[in-house]
Each structure stands twice: as structure tokens, then as C-alpha cells.
Amino acid sequence: MKKWLIRSLGLVACLLGFLGVMLPNHTAQAAEKTYQIGTDVTYPPFEFANDQNKYVGIDIDIMNAVAKEEGFKVNIKPLGFNAAVQALEASQIDGVIAGMTITPARQAKFDFGTPYYKTGVVMAVKKDSNIKGFSQLKGKKVALKTGTAAATYANSIKDKYGFQTVTFDDSNNMYEDVTTGNSVACFEDQPVMQYGVAQGLDLKIVTKPANNGNYGFAVQKGKNKALLAKFNAGFKKIKANGTYDKIVQKYLGTSSTTSSASTKKNPKVADKTFTIGTDVTFPPFEFANDQNQYVGIDIDLLNAIAENQGFKVDVKPLGFNAAVQALDSGQIDGVIAGMSITNERKAKFDFSSPYFQSGVVMAVAKDSKVTKLTQLKGKKVAVKTGTAGADYANSIKAKYGFKTVTFDDSNNMYQDVETGNSVACFEDSPVMRYGIQQGTKLKIVTGPAEKGDYGFAVKKGVNADLLAAFNTGLANLKANGQYDKITAKYLGKDEQSATAKAKPAATQDTENRSFVGLIKQNKGALWDGFKETIWLTIVSIFFATIFGIVVGLLGAAPSKFGKGVSSTLIYIFRGMPLLVLALFIYTGIPSLTGSKIPAFIAGVVTLTLNEGAYTAAFVKGGIEAVDSGQMEAARSLGLPYGKSMRKVILPQGIRIMIPSFINQFIITLKDTSILSIIGLLELTQTGKIIIARNLEGFKVWTIVAFIYLAVITLLTWLSNWVQRRMDA
Amino acid sequence: MTSKIKVQDLKKNYGENHVLKGIDLDVQNNEVVVIIGPSGSGKSTLLRCLNRLEAPSSGSIVVDDVDISDPKADINKVRQNIGMVFQHFNLFNNLSVSENITLAPIELKGETKEQAQTQAKKLLETVGLADKFDAKVQSLSGGQQQRVAIARALAMNPDVMLFDEPTSALDPEMVGDVLGVMKDLAKQGMTMVVVTHEMGFAKEVADRVIFVDDGKILEQGKPDAIFSNPQNPRLQDFLNKVLNV
């Protein structure tokens, strides 16, 4: 007891000492006359890392220009929006410039400089609607989202134009209300709206932005008045001398009208629907956004090309490996999954013209001292299976003497580096950059190596029309600027339409990341995943039990042939790892037979065979555990085999089997998680997708684990109850 | 008299292990045959061949003019006429005493539950267990279980009863009850083949005693002749060991 107390006190003392060393550091930094300015990690076009990984953007350029005018120095720290705001509150930094809207709530805590940028509200209607202005809204319903500037604006003009409002909690429901025709229009901040339309909403923006909000530079309330004064003075100067306009011009250019793509349909593919596989999580190429819709460069590009060429796509987030295998076995028509074009892959697939150039970079933990490949000697390096990053790492591991650890998922790979299990990871540069933008605590330390091209793939010699249509569509999109818009939306490279990203990034930053918040945001997705898991479990248990009993009875029968069949089936399906069996059935069977298997059915078949084999083994064992004299006595009375089995042996055998049955049910429930490998959207896959978006691995896995445990607890109670009744 | 059971040159082997090496045996109607012999001599195997719980390797076994060594014979039909009692009783553990007795008549003879139960009551009376009608099997002593097993076998009204060491697994004080039931059966004229070590029972009840050793019948005859004047040295040796304990 005493020892424990002393140790704890010692630990506290150490921590205090550590803090003591840290704190003066900060004061020392502040005393250097260089102002520490916090900004967001990614908020194009206001701040973002360009392709040389330098921070640029309207905010950054304005800050630097003002500092230059007023003769002070700034050290700009991309902390992330929330972190920057909190750091400012805690006096860790001197100011924040992060596309922050000036609101009364924020004004209570911060002093704002002169507004430096205006945001606006736009009205959107259904694509085929005739409504063009507010005057046409009379007597109609308009959809709004609670608490937005757009809602405030709409409410302020509703009496004037005589429309009614319907309020929604999230943008998606609001959009849906308009697309279904319940409401004729909705109001939303322009960047958000543009983002939604680009995602494929059946809406169009019909009004010019109405002035509503301003972005401002903030310092802590009552402190740093000097800095604020300098900012205002400098800002006045750069506005006057045209620097401000130049900066804005540089990033936004002349606002281009959203021209719809040329709709000349490609007759060879027109109105056909193609099933396209993609990765579950490969941001920014594919990921589920906070409305759990699949978005990303690949998805947007594919949708735009499909629209351009007049075909339809059914995008399936199967996971990279599963998608490649599904394509190989003809389960799907194409794959777009940030796949580098390699000679090896060309042997099996036909690739489109390259649609994106990428390269492999190395990233390490933020506080790591590793900057060069030569520092990896004897260390562990994390890679993701099947990626160009993994190939590159493997090709140089002997030379630099490091070991590799392989993951199936980017987030797990990042986590391995963050936690220090591995010292570095290799990843495609856009993916790594996006991950870091989204808050992964890593930094990129090398320039891109092994530059490669991403291509859209179809099975070799099959679907040439689709490939041709993709290439034509891609060329069209490049010509009309849509391609640049899409990549800019996610990477901020192109200044033209970078605004689209602006608002959603802010929404993400202010997302509630507590357990309750995470459950609230994802309850729909979690519920769907939960239902899929339960449904899979029930259907699989049903068939596995039937299969198991039949095979088990066969094994206990006095026929040599039956015994042979039974033990062979048990040997094969109990001996094969569930993962291998799932992949074999999902991708192998179609390769052999040429016909597709839906993932759900493949999953049920997998579980039926595997769990059924275990069931068969204990059914057989249960029957054999009944004293052989019981069967002899029944047979000696003249009862046939079947009747003896039914009336005498099975009633005794089942009693022996009950605990094994319950055990098997629980195992089946847990084993459904393995089916995430073939892209089934069950609970585990849902967890992966949510984490891919918010990178809250620990919290989301905790939630998922609790859901599994809750169901298993219920199942255990139920089984105990059944067992008590049997024993009574 | 007609043969109830006619066994000719019956051989049974498990791989290289020859258990029965050519048995010829006639059992007449109403005859009580007691088979004696040392452990491992093949006497239980011989008995179990008689209702094909063991399939013979060669030779023929004709029961009521049906050759049951022929795989095409309707063995279930034949078995209905041959009751069997086991050393370890083998009562159905999942069923009550009355259900043990009524199962076969209901399932095989199409009797109603009431008919079968009336008969079960009568049978339990004859074996002295009328009060155990609804009892669970596990609550009975070994002797009681064996008497229920006899009642169960009798419920199908067989012409022949096979007893496979019916008292070997019993406590000594239980043996008398079971043997009593068997004596009554013999008096009523039941054809019986009994494998037993109870020499007193053999002397008193058997019409014929058969001595089996090493898979062969070495000597057979009236109990008096076998016990008072054994010819075969192996039989003499066996009786010496069994009777002079």
C-alpha cells in the first residue's frame, strides 16, 4: 500500500517536472517577437499544403503579406481548426487565421480583426425545376438546416417572399426533401452546396451568394491588442495596394460558371449499368463521408465519366484486395481504387489511360527524428498489402535493412506508426497527405519515389467498351475542367474551385468526437451494420445447423461410405481458415464457374460450411457419446435404425450437444466479422469505414466491441435459460 | 419337435481373431438352453449372432424358417419375435419405466398408448414391480432395472428369449429376484437361450447345457450329465474352478 503510494507520488512528481521543463519553453518562444499563428490543417483555398508540402492559401498569404507590411515575423502552425482555437484560448499561440467566421459566440472569447473574406448563402432547387428566384417561392415550402447562417437568412426573408420553411437536422435530409419534391428549394452556404452538387445531388444552384458572414483574424480577448492593431493596419495597406486582390485572385481566379458536362452519350455503353469495385478506405480516392456516402477522387471521377458517357455505375466498396480478386474472377466489371498501373497487373487487367500520377512517400510520427531511409536499419516499417508503397518498401528493405509489418487497412498502418510499433510507413503521396490533413499524427519526410500512374482497370480482354468510354470520358473531363475541379476538391491543388472544400472541412473539425457524439453521428450506419451482422448470423446459423446435423448423422451412421463422406467434409471445411474459405468462395468459385455470387450469399455459404463442419463434428461426437448398448437394445426389439436414432439416441445425444450448439452460435456471430473481407457491410466493416473517415480508431472499435459483447451477453443468457430448462 | 433355431457351421472372426470356429446348434420349441464356458470363449458372441447383433462371417442361422445370415432377410421383423436381455440392462435413459416397455409395441405393432400401457402394467406385475410404472430409470436398483428390461423384451410377445449374462452386473442380493423371473418364464414354456455363470440356475432350469470353449462346442447334454459326469477335460477343469470356490 505504502509502496504504491510512493510510486504514484513519484510519477506525479516526474510529470510535474516534465511540465516544468516544457512550459518555460513556450514563454521563451513567445518572447522572441515572432508571433505564433495557428491555422487549420486543410481548408482550401484558405490553407493547405501544396505539392511541395509547403503551406499556402489565402489565409497564409494574407498573414505573410500583413507581417511583411508591418515588419513583424510570424510562425504559422497548421494545428487544425479546433486545436488552434483551443491553443489560442490557452495562450499557447498569439493568433488564429483559419477561415473562421466571426460570430457573437466567438466574439465573447476572442477579439477579431477587420473582416477579410465574405461567405454567402445560395438557394438550390431540383435540377429540372423552373424556379430561378425568390419571387417564385410564394406559398411553397423551403428546406433548411438548423443553426446555419443560411437558415437565419431564409427566415429573415420568408415573410417578404411568402414561403414556409421546414427544418432539418442534417444537410442530407434537407437535400432529400428537395429532391423528393416535398420542398421546392433549400438554402445553404455556397461552398457546402457546391460540394453537395459535385457529389451528385440532383440539385442546381440558382441564386448568387447573399452576403451573410465574414472571416476574421482572431486574438485572445483583451490580450495582444498590439498584434490586432498591426494586423488591421497591415490589412488596410494590402487592400489599398492591391496585394489582397492579387492573393484572392491567385486562389479563386475568375469564378467560372458550373457548366454541365457535354452530354453526348457513348452509344456502346449508354444506359448500361456496370458494377465497379473500389477500396473501402483510401482517402482521398474513396471513403465514406460524414453522411456515410461514398465520395473521393475515384468515385467523383467515375460518376462524372459515367454521366459524361451516359452509362450507370454501381460502386461497391469491397476493399482493395477483394475488388482486385472480384475483377479477376469476373464478379465485377471494373476496379477504380487508386490502383497503380504495374506490369504485373497489366498481365491480368486492361488499364485505362492514367488518371492520376502518384508517388510513394515515407511518413514517420510527428515527433520522430527519422528523416532518411538510412535511419531505418533494424527498425520495423508498416505497409499496406498490395499497395505500391508496400512494393517499394519491399524492394529496398534488404538494402536499408528494415523489417516490414503488413496491414490490410491504411488506418491500422498509420496507427502502428503513431503508437511507435513501427518507425515509419510507406504510402502513396496523395493518400498520406490527405491522412495528415485529416489529423493523422504523422509527417512526410521524403520526396515522392517510384512515381506511378493510377489507372482504371477491367479484366483483360473483357469490357473493352467500358474502358474506351472511360478514356473518352476522362479526356472530356480534362478538357472541360471538371477533372481539375474534382482533384482540387480533395487535394486543393487547383485554385479554381477549392472553395468547395472549405466548409465541409470546418464541419468535420467541429464534429463531436466524444463517445456519445460518435454514436449519435453514426447510429444509422452502426444500426445498419448491426442488422446485417444479426441477419448474417441468423441465416448462417440456420443453414449451418442443418448442414451440421446432416453431416454429423451421416458420420455416426453404420455405413462406411457415409462415415467417409462425413469425415471428408469435416476435414476440409473445419481445416480451412474461414478467411481463406470466404475468399475462395467469393472469388474462386466464380472463376471456376463463370457465374457471379452476391457477397451476402457467399458469406452465408462460407459460414454454413465452416460452422457446419464444427457442428457436424460435435453432433457426431454427441451421438457417439451415447452408450452403444442403447442402440443395441432398441435394435434388438426390432426397431429400425432411424426410429432407434430418433426415439432413443438423439434425445440423449442432443442433451450432450446443447452446450456445443450454444458455443457455436456465439462463434458464428463473431465470425461474421471476418466476412468484412469480401466487402459485406456488417458491423466490423461499418466500423472500418467510420474510422476511415474520422480516424477515431480507439473509440469506434470500443463502441463496436460493446455492441458485439451486448449481443453475446443476450445470447449467453438465452442459452443458460434453455440449458436450465433441459436439465429440469 | 421342431427346431426354433438352427445354427450350422457358424463362424465369426474379427480380422485375424477367430472367435467362433464352426458352431452347430439346434434349439427346439419350449427348450431352455444354457450356455456355459470361460470368459472369452465366444459364448456371448454366439448369442448375439442369434439375432444378428453380430453379423456371422460364415455359416447359416435359421430362426423360424428365416435365414437371418442372409443380408436380405428382414431382420427387424425377425427381431420382434426374439427378446433379448443384456448384462448391463440397457434401459432407455431418456424414457420412464412404462415408456421403456411401451415404445416398441406402439412403434412396431401399432398398439394404442392405452393398450400398450395396460400390457405394461401386467408385465410389471409379473416381474414384481407394479409400483414402478412411472418411475425414472435412474431411480431403480440394478435388479429392478434388469426386471424392467425383461418386461420390455416380453412386451413384444416373443417366442424366444436370449439372456446375455443377465445377473453378472448385479449385487448378489439382487440376483435371486432376476433368476426367479427367469424360472417363471421357463415354467411357462418360453424358449430360452441363456448365457450365464449361475450353475445353480443351469442345474435346476436347463433342458440342455452347452459348454463352449475356444469358439467351439466341446460338450453338451442334460444338466445332470454335464455337472455329475463331465467327459471333456476342459469342462472338468472349468467346473472344478467354478464350483469349488
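The values are calculated or read from the model by the stated rules, or taken from the named source; none is laboratory data. Note that the structure is a prediction, hence the values are computed from the model and not measured. Positions of Cβ are generated from backbone atoms using ideal geometry, with glycine treated the same way; all protein chains shown enter the neighbour counts. SASA here: full protein model, heavy atoms, side chains in, ligands and nucleic acids out. Shrake-Rupley method; radii C 1.70, N 1.55, O 1.52, S 1.80 Å.
State yes or no: is B:Q145 within 14 Å of chain A (Cβ to nearest Cβ) and polar (S, T, N, Q)?
Numbers: within 14 Å of chain A (Cβ to nearest Cβ): yes; polar (S, T, N, Q): yes.
So B:Q145 passes the test.
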Kindly list the number of the only condition in (1) more than 14 Å from every other protein chain (Cβ to nearest Cβ); (2) in contact with a strand residue (DSSP E or B) (Cβ under 9 Å, 6 or more places away or on another chain); (3) open to solvent by less than 50 Å² (accessible area, probe 1.4 Å) that fails for A:T608. (2)
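Is there a residue being within 14 Å of chain A (Cβ to nearest Cβ) and surrounded by fewer than 17 Cβ atoms within 10 Å (Cβ to Cβ) anywhere in region B:127-138?
Step one: filter region B:127-138 for residues within 14 Å of chain A (Cβ to nearest Cβ), giving B:136-138.
Then drop every residue that is not surrounded by fewer than 17 Cβ atoms within 10 Å (Cβ to Cβ), which leaves B:136, B:138.
Within region B:127-138 (the criterion being within 14 Å of chain A (Cβ to nearest Cβ) and surrounded by fewer than 17 Cβ atoms within 10 Å (Cβ to Cβ)), the answer is yes, since at least one residue qualifies.
Out of the residues in region B:78-97 that are more than 7 Å from chain A (Cβ to nearest Cβ) and surrounded by fewer than 21 Cβ atoms within 10 Å (Cβ to Cβ), state the one that is farthest from B:A169 (Cα to Cα). Walk me through it before giving the result.
First, the residues of region B:78-97 that are more than 7 Å from chain A (Cβ to nearest Cβ): B:78, B:81-83, B:85, B:87, B:89, B:91, B:95-97.
Those left that are additionally surrounded by fewer than 21 Cβ atoms within 10 Å (Cβ to Cβ): B:78, B:81, B:87, B:95-96.
Values: B:V78: 28, B:N81: 26, B:Q87: 6, B:L95: 21, B:S96: 21 Å.
Applying the filter and picking the extreme gives B:V78.
Residue by residue, here is whether (1) polar (S, T, N, Q); (2) more than 9 Å from chain B (Cβ to nearest Cβ); (3) farther than 14 Å from A:L554 by Cα; (4) within 54 Å of the chain's Cα centre (by Cα) holds:
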position: A:A616; (1), (2), (3), (4): no, yes, no, yes
position: A:V619; (1), (2), (3), (4): no, yes, no, yes
position: A:V626; (1), (2), (3), (4): no, no, yes, yes
position: A:L637; (1), (2), (3), (4): no, no, yes, no
position: A:K647; (1), (2), (3), (4): no, no, yes, no
position: A:Q652; (1), (2), (3), (4): yes, no, yes, yes
Pair list, Cβ under 6 Å, 6 or more apart: region A:89-103 residue under 24 Å from A:G213 (Cα atoms), other residue open to solvent by 10 Å² or more (accessible area, probe 1.4 Å) and at pLDDT below 80: A:A98/A:F81; A:T101/A:G213
How about region B:129-220: which helices (runs of 4 or more DSSP H) wholly inside it have at least 2 residues that are within 13 Å of the chain's Cα centre (by Cα) and either at pLDDT below 95 or of a type in the set (A, V, I, L, M, F, W, C) (or both)? B:142-154, B:172-187
Working only within region B:47-70, note down all residues that are more than 16 Å from B:D159 (Cα to Cα), surrounded by fewer than 20 Cβ atoms within 10 Å (Cβ to Cβ), more than 14 Å from every other protein chain (Cβ to nearest Cβ) and at pLDDT 90 or above. B:S57, B:S58, B:G59, B:S60, B:D67
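Do we have A:G71 as surrounded by fewer than 12 Cβ atoms within 10 Å (Cβ to Cβ) and at pLDDT 85 or above here? Give the steps one after another, and end with the answer.
Values: surrounded by fewer than 12 Cβ atoms within 10 Å (Cβ to Cβ): yes; at pLDDT 85 or above: yes.
Answer is yes for this residue.
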Just one of A:K460, A:K403 is touching a strand residue (DSSP E or B) at 6+ places or on another chain (Cβ under 6 Å), open to solvent by 10 Å² or more (accessible area, probe 1.4 Å), within 27 Å of A:I674 (Cβ to Cβ) and modelled with pLDDT of 85 or more; which is it? A:K403
So which helices (runs of 4 or more DSSP H) are wholly in region B:12-116 and hold at least 1 residues that are of a type outside the set (S, T, Y) and more than 23 Å from B:V193 (Cβ to Cβ)? B:97-109
Condition check: among the hydrophobic types (A, V, I, L, M, F, W, C) and assigned to a loop (DSSP other than H, G, I, E, B). Does A:V360 satisfy that? no
Over 30 Å from B:I217 (Cβ atoms), within 14 Å of chain A (Cβ to nearest Cβ) and open to solvent by 20 Å² or more (accessible area, probe 1.4 Å): is that true of B:Q117 in this structure? no
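Which one of these is polar (S, T, N, Q), without any contact (Cβ under 8 Å) to a residue 40 or more places away in the chain, out of contact with any strand residue (DSSP E or B) (no Cβ under 8 Å at 6 or more places or on another chain) and open to solvent by 20 Å² or more (accessible area, probe 1.4 Å): A:N394, A:N343, A:N321? Quick ask: steps written out before the conclusion?
Numbers: A:N394 fails: out of contact with any strand residue (DSSP E or B) (no Cβ under 8 Å at 6 or more places or on another chain); A:N321 fails: without any contact (Cβ under 8 Å) to a residue 40 or more places away in the chain.
None of the others qualify; the one that does is A:N343.
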